Every structure is written in C-alpha cells, then in structure tokens.
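Every number in this text was worked out from the coordinates using simple rules, so none of it is lab data. Just so we're clear, the structure is a prediction, and the values are computed from it rather than from any experiment. Glycine also receives a Cβ, built like all others from the backbone with ideal geometry; neighbour counts cover every protein chain displayed.
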Amino acid sequence: MLSRTEKLAQKDSRRSVARGRRGFSLLELLAVITMLGIIAVVVLPRILYSKVTAQEHTCFQNRAEINLAIERYNIDNGALPTAMSDINNSTWFPGGIPLCPVSGTAYTLNGTKTRVDGHTSGSH
Ligand SMILES: [Zn+2]
C-alpha cells in the first residue's frame, strides 16, 4: 500500500511522462484533416473556375486579334479575306493563328460578316 505522498509522486511522474510524449493524438489529427478538407472545399472550386475564366478571356482576345488581322488585310489588299489562310502569315501570327484555348478548335471565318465569331457551342 502506497502512502499519499508516494501516490502523488507517482501521479506527477505519469504527468511528466505524458507531457514529454511526442506525436499527435487522434483528435488533433482529425481536427487538422477536417480543417484541410474545409479549406480544399472552399479554394478548389475557385481555382478551377478562374482557370476556365482565364481561358475564355484568352479566347476573346484571340478572336479580337484575328479580327484586327482581317481589318489589316482589308487595308493592305483593298478586299476582305475569303479564308483564314489569307491572314495566316508570319508577320501577323508568328506562331500561326491561335486555337481556342477552351475547346482546342480552330477559329472559322464567318463569310457573311467577314469576322471570327464565338464558337457555336458557347459564347466564349
Ligand atoms: Zn473559344
């Protein structure tokens, strides 16, 4: 049978061992995993949405650049181009006429308006 002081000393000894223990408890790990999950749920959709938005803006700028090339062709030649190959020169498009970054398809010339419009599947 231990005396009261011996029991207290034994209890303090266990506490000091518990305080010196390294690592995480299950509750701490669950709390961290839950917080990371919440952050992922909030942040990931915004990142994915901003990527699509950036691609749509790039598509819009590509179409504007192609339409400017059509105007330049008209000024230089006195006539509007009849096909995309008419404006596909290395001075205006050193890397070739860009493709739509969203769908990866080539832009087509609208024969009636002599402009490159948005894609038929979407407004981008
Ligand atoms: Zn596009």
Using the Karplus curve 6.51 cos²θ - 1.76 cosθ + 1.60 with θ = phi - 60°, work out ³J(HN,Hα) for each residue of the stretch 101-107 in order, rounded to whole Hz, and write x for Gly and Pro. x, 7, 9, x, 8, 7, 6
Hz values of 3J(HN,Hα) by residue in the stretch 58-70 - Karplus curve (6.51, -1.76, 1.60), Gly and Pro given as x: 5, 4, 4, 5, 4, 4, 4, 5, 5, 5, 5, 5, 4
For peptides 49-55, 38-44, sequence by mean Cβ density within 10 Å, most packed first: 49-55, 38-44
Loop sites in the stretch 59-124: trypsin sites (Lys or Arg not before Pro), DSSP, at most 12 other Cβ within 10 Å: 113
Would you please give the residues with an amide H less than 5 Å from that of residue 109, counting only those at least 5 places away or on a separate chain, with H modeled from the backbone geometry? 84
